[in-house]
1. Relative to the first principal axis of the alpha-carbon coordinates of the chain, what is the inclination of helix 217-229, with its axis defined by its Cα atoms, in degrees from 0 to 90 and to the nearest 10?
2. How do the peptides 151-158, 221-228 rank, highest first, by the average count of neighbouring beta carbon atoms within 10 Å per residue?
3. For the chain, what does the helix formula give at 222 nm: sum of -39500 (n - 2.57) over DSSP H segments with n ≥ 4, over the residue count, nearest 500 deg cm²/dmol?
4. Taking the inverse of the average 1/r across all pairs of different Cα atoms in the chain, what Kirkwood radius in Å do you get?
5. For the chain, calculate the relative contact order in percent as a whole number, restricting contacts to Cα pairs under 8 Å that are 6 or more residues apart.
6. For the ranges 135-143, 98-106, what's the packing order if you count other beta-carbon atoms within 10 Å of each residue, average per peptide, and put the highest first?
7. To the nearest 10 degrees, how steeply does helix 119-129 sit against the main Cα axis of the chain, on a 0 to 90 scale?
């Protein structure tokens, strides 16, 4: 943990990291809605039943890292139309996370969001959590910034580094999907996996490219803040 004291940049995934069991929001409450809308979108666009649409959605997710990537490759789906549709969800249940906000404010690091979702979705989530103002659009790298090529592709990671002007070896990178950390570690980041029981999330969570494993984001940020104060 001592090496975290000197890190200058904090890179956070969005879904499953900025919210999750650690702040009493199960991934299902948010991504369950997104997933169901994906299934409906695929069903509507490809004129197939919901069962077939769900299978295609899942198969593409595992093969191409996002369902959208597979849909673009095989069906020439408009990414903007897809993202707008699937991210039109109800977040009225989500409230400001005052603990997370306080830790982010008081942590002496430059903070960024790195997501396979859209910037609009990130803004929606972060606004409901009460922390969007700590980032803003200039500190969010979304799937459009990556040319719709998802994490953990090296090209996308390198574009993110260029946009933010961060130095990977001085960066703490936190993800709930373990395999997405592979390129970050390769580039020099200190990588952190937020422990979860999601099948896709915990795949490869035993790999050497994971530097630390945590259960609570706010508590981890507090530990870093206390280290920096010593």
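1. 30
2. Listed from highest to lowest mean packing, they are 151-158, 221-228.
3. Taking each H run of at least 4 residues, the total per residue is -14000 deg cm²/dmol.
4. 18.0
5. Once normalised by length, the contact order is 24 percent.
6. Order by mean packing, descending: 135-143, 98-106.
7. Computed tilt is about 60 degrees.
Laboratory data are not the source of any read-out in this text; all were calculated from the coordinates shown. Predicted, not measured: the structure shown is a model, and the values here were computed from it. We place every Cβ from the backbone using ideal geometry, glycine too, and count neighbours over all the protein chains shown.
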